[in-house]
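Have a look at the structure below before the remarks.
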Amino acid sequence: MISSQFVSSMRGETSGFVFAAPSTFIIPWNNDETAPDSQEYGLRVSQAWEELKRRWDTYGHKLKDMDPNDARNYWQRPLFEALGFMIAHTPKHIEISENLRFNFSHRGWGKDSSLPSAPVIHIIPPVQELDERPVRGKPSAHDALQAYLNVHEDKWAILTNGRYLRLLRDFHHTFTLGYMEFDLEAIFLHRSYADFHALYRFVHASRFVPVPSKDPDKANIYLEEYFNYSQTAGESVGKDLRENVLKAIEAFGNGFLNYELLDELKGNEEECQRYYEEI
């Protein structure tokens, strides 16, 4: 859903992408919040990293054995708070279709007419896999959340069991799952600060609010701008791919040729085809 090149560009200390500038990481539910400068942004990321590392070291190894409420209170909720959210419980079932109603656990912040709409954040027990059907005949958490996005106005949502975190987007393919996944266990176990920085840049609460615009009705949220840029960059690479593959085959083919091999290939269509397939 997001190109690997674009993800890599978000792993560094700085990013040249205008929609990931430090000043855009404004907490949406705090009306007193001001735009952070580069120094303040770096401090917030560093503090979130240190706090979550300590919590992971305390609770990460026993998440699967913890009571779901304890896992949520001691790890999953603090994870989202470190990413700028103030998650609010959503007890009501949401209608997805005539035959399917589903209860998603949280929104990113409380409902308020003065605030932008908060994304769905669905938190499931750590022991449950994201694609697992908890009850026979019922959809997995991923499938239910995807179905919701495909029929409602929300374009993006978050799903996590505390060990993995997925970003889902409106995606209508029937047989292919579309998502971006962060392996939280690997990030904190292996102390991968670069991957955490990518997580912060993609999942921070500010990414789910519209980019300031003269026409608010047409403004995309920051994540959608990420998506559009990634797709455009991927199309640009794809246009040159066929031509570059052909050039590469020719370069290798000519580079490995020597007089002995050339004598074998001359007038021997079968050997030429074999050589081409090896290249």
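The values are calculated or read from the model by the stated rules, or taken from the named source; none is laboratory data. Worth saying up front: this structure is predicted, and the values here are computed from it rather than measured. Because the Cβ atoms are built from the backbone with ideal geometry, glycine has one as well, and the counts that use them run over all protein chains shown. Only protein heavy atoms, including side chains, enter the accessible area calculation; ligands, DNA and RNA are left aside. Shrake-Rupley method; radii C 1.70, N 1.55, O 1.52, S 1.80 Å.
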Subset of the stretch 1-56, residues within 30 Å of SER113 (Cα to Cα), touching a Lys or Arg at 6+ places or on another chain (Cβ under 7 Å) and either of a type outside the set (Gly, Ala, Ser) or open to solvent by 60 Å² or more (accessible area, probe 1.4 Å) (or both), comes to PRO36
TYR229: passes all of (1) within 30 Å of TRP56 (Cβ to Cβ); (2) open to solvent by 60 Å² or more (accessible area, probe 1.4 Å); (3) at pLDDT 90 or above but (1)
Taking the stretch 23-66 and keeping residues aromatic (Phe, Trp, Tyr), within 23 Å of the chain's Cα centre (by Cα) and part of a helix (DSSP H, G or I) leaves TYR41, TRP49, TRP56
Across (1) farther than 26 Å from ARG101 by Cβ; (2) open to solvent by 30 Å² or more (accessible area, probe 1.4 Å); (3) of a type in the set (A, V, I, L, M, F, W, C); (4) in contact with a strand residue (DSSP E or B) (Cβ under 7 Å, 6 or more places away or on another chain), LEU199 clears everything bar (2)
Restricted to the stretch 177-218 and to residues being in a helix (DSSP H, G or I), free of Cβ contacts under 8 Å to residues at least 60 places away in the same chain and out of contact with any Phe, Trp or Tyr (no Cβ under 7 Å at 6 or more places or on another chain), the residue nearest to GLY12 (Cα to Cα) is ALA186
Here the residues within the stretch 139-148 that are free of Cβ contacts under 8 Å to residues at least 40 places away in the same chain and either within 15 Å of the chain's Cα centre (by Cα) or assigned to a strand (DSSP E or B) (or both) are HIS142, GLN146
